[in-house]
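J.: There's a structure below that I have some questions on.
The values are calculated or read from the model by the stated rules, or taken from the named source; none is laboratory data. As the structure is a prediction and not an experimental result, all values here were calculated from the model. Every residue, glycine as well, gets a Cβ built from its backbone with ideal geometry; the counts of neighbours run over all protein chains shown. Side chains included, ligands, DNA and RNA excluded: accessible areas come from the protein's heavy atoms. Shrake-Rupley method; radii C 1.70, N 1.55, O 1.52, S 1.80 Å.
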Amino acid sequence: MSLAIVPGSFDPMTLGHLELIREARKRYDRVTVAVMINSEKQYLFDLETRLKIAEASVADLDGVTVISDSGLLIDLYDRLGADAVVKSYRNETDLIYERRMADWNRAHNERFVTVLIPAAGEHPTLSSTEVREALRAGKPLDGMVHPAALPLILKGNGGEA
Ligand code: PNS
């Protein structure tokens, strides 16, 4: 059984992330979504809330599980016996950033394989930043996040929206 990890901040998980998770699932028997910490980011939602939002978002997908982890991705990779990490990129900036992470992870774990998929589907440019901005502006999040995650996103935002 092949296993891919789809790691990320997921602050919060968007419909674009879900398209990537579906793409990963087409290529691997199982997908573990890992909600993690990017030390370069400050989060709107804490790790536990990001985990719950991700769980609600993928609940209808077969072969997909969600975990949170506050350690290194290279360690999680070995612990789960993963075959690949799957990430997507929307533009050149993303690609440079993802390449840098892929190189760092490979340099520290020789088993580590990163598969980069260009963002496609119906939401090729959607970002968590856009979702947070819409939330702050009190705009509806329809077409940006999974409906099942909406109550958690509104609640986890401290009632701002
Ligand atoms: O959604 P993001 O912010 O692009 O995801 C980045 C993430 C969380 C996958 C990355 O920061 C990560 O792997 N964090 C775990 C800690 C780690 O392994 N850091 C070194 C990787 S360069």
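J.: Return the residues of the range 9-31 that are more than 11 Å from the ligand (Cβ to nearest atom) and touching a strand residue (DSSP E or B) at 6+ places or on another chain (Cβ under 6 Å); say none if nothing qualifies.
T.: Ile21, Glu23, Ala24, Arg25, Tyr28, Arg30, Val31
J.: So, one more: Looking at Ala107, Ala148, Ala120, can you tell me which residue is under 19 Å from the mean Cα position of the chain (by Cα) and assigned to a helix (DSSP H, G or I)? It would help to see each step written out before you state the result.
T.: Details: Ala107 fails: under 19 Å from the mean Cα position of the chain (by Cα); Ala120 fails: assigned to a helix (DSSP H, G or I).
Checking each option against the conditions leaves just Ala148.
J.: Using the structure shown, decide if Asp142 is within 12 Å of the ligand (Cβ to nearest atom), without any contact (Cβ under 8 Å) to a residue 40 or more places away in the chain and either part of a helix (DSSP H, G or I) or open to solvent by 80 Å² or more (accessible area, probe 1.4 Å) (or both).
T.: On the way: within 12 Å of the ligand (Cβ to nearest atom): no; without any contact (Cβ under 8 Å) to a residue 40 or more places away in the chain: yes; either part of a helix (DSSP H, G or I) or open to solvent by 80 Å² or more (accessible area, probe 1.4 Å) (or both): yes.
Answer is no for this residue.
J.: Note down all Cβ pairs under 8 Å where the first residue falls in the range 38-62 and is touching a residue at least 40 places away in the same chain (Cβ under 8 Å) and closer than 14 Å to Gly8 by Cβ, the second is open to solvent by less than 90 Å² (accessible area, probe 1.4 Å) and charged (D, E, K, R), and they're at least six residues apart or on different chains.
T.: Phe45/Asp11; Arg50/Asp11
J.: Okay, moving on. Give the residues of the range 21-38 that are open to solvent by 20 Å² or more (accessible area, probe 1.4 Å) and assigned to a helix (DSSP H, G or I), sorted by residue number.
T.: Arg22, Glu23, Arg25, Lys26, Arg27
J.: Which condition number in (1) surrounded by 21 or more Cβ atoms within 10 Å (Cβ to Cβ); (2) closer than 18 Å to His108 by Cα is the one that Leu76 fails?
T.: With (1) surrounded by 21 or more Cβ atoms within 10 Å (Cβ to Cβ); (2) closer than 18 Å to His108 by Cα applied to Leu76, the lone miss is (1).
J.: Give me the residue from the range 39-67 that is among the polar types (S, T, N, Q) and surrounded by fewer than 19 Cβ atoms within 10 Å (Cβ to Cβ) and, out of that set, nearest to the ligand (Cβ to nearest atom).
T.: Pass one, the range 39-67, residues among the polar types (S, T, N, Q): 39, 42, 49, 57, 65.
So of that shortlist, the ones also surrounded by fewer than 19 Cβ atoms within 10 Å (Cβ to Cβ) come out as 39, 42, 65.
Values: Ser39: 7, Gln42: 11, Thr65: 17 Å.
Restricting to residues being among the polar types (S, T, N, Q) and surrounded by fewer than 19 Cβ atoms within 10 Å (Cβ to Cβ), the top hit is Ser39.
J.: Quick one: how many residues across the range 123-139 are under 15 Å from the mean Cα position of the chain (by Cα) and loosely packed, with under 14 Cβ neighbours inside 10 Å?
T.: The number of residues fulfilling the criteria is 3.
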